[in-house]
Amino acid sequence: MTEKQYKELCKKIDKELEEYRKEIVVLPPEQIYDRYYEISGFEELHEYLANYGQNMNIKGFPKKDILSSFYNDFMKTEYNLTQEDLSYFFEFQIEDNIKWKRFDNQM
């Protein structure tokens, strides 16, 4: 993706993560604890995209709810929240999104 697309991606995922955090912090402690893996997932996906997203094809990204979309797709896999698995996940998922034109009509 271009530098401009990358900056826009970072802006979108930063905003989405901030909104997600605001929703989570108002929950009772037990619910926050119960959602630990989800919270970790959002944080790890955000970090990975912020660090490596520029090398990815923007055509494979949803136009909105980027972290939520990728998190839901991630949960359908057997991958773990490791850098290596996230690398495989994004490589496959973005290729698959492009192949099946998942986000072409979201312009």
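The values are calculated or read from the model by the stated rules, or taken from the named source; none is laboratory data. Owing to the predicted nature of the structure, the values given are computational and were not obtained by experimental measurement. Neighbour counts are summed over all protein chains in view; Cβ atoms, including those assigned to glycine, are modelled from backbone coordinates with ideal geometry. Surface accessibility is based on the protein's heavy atoms, side chains included, excluding ligands, DNA and RNA. Shrake-Rupley method; radii C 1.70, N 1.55, O 1.52, S 1.80 Å.
Every residue, every condition in (1) over 12 Å from the mean Cα position of the chain (by Cα); (2) of a type outside the set (K, R); (3) within 16 Å of R102 (Cα to Cα), yes or no:
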| position | (1), (2), (3) |
| --- | --- |
| P29 | yes, yes, no |
| Y33 | yes, yes, no |
| Y37 | yes, yes, no |
| S40 | no, yes, no |
| A50 | no, yes, no |
| G60 | no, yes, yes |
| K64 | no, no, yes |
| F70 | no, yes, yes |
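Within the range 66-93, residues that are of a type in the set (D, E, K, R) sit with their Cβ atoms under 7 Å from residues that are open to solvent by less than 40 Å² (accessible area, probe 1.4 Å), at 6+ positions apart or across chains, in these pairs: D73/Q93.
Identification of helices (runs of 4 or more DSSP H) wholly contained in the range 1-79 with 2 or more residues that are modelled with pLDDT of 95 or more, surrounded by 15 or more Cβ atoms within 10 Å (Cβ to Cβ) and of a type in the set (F, W, Y) yields 3-25, 36-52, 66-74.
The set of residues in the range 80-91 that are open to solvent by less than 60 Å² (accessible area, probe 1.4 Å) and part of a helix (DSSP H, G or I) comprises D85, L86, S87, F89, F90.
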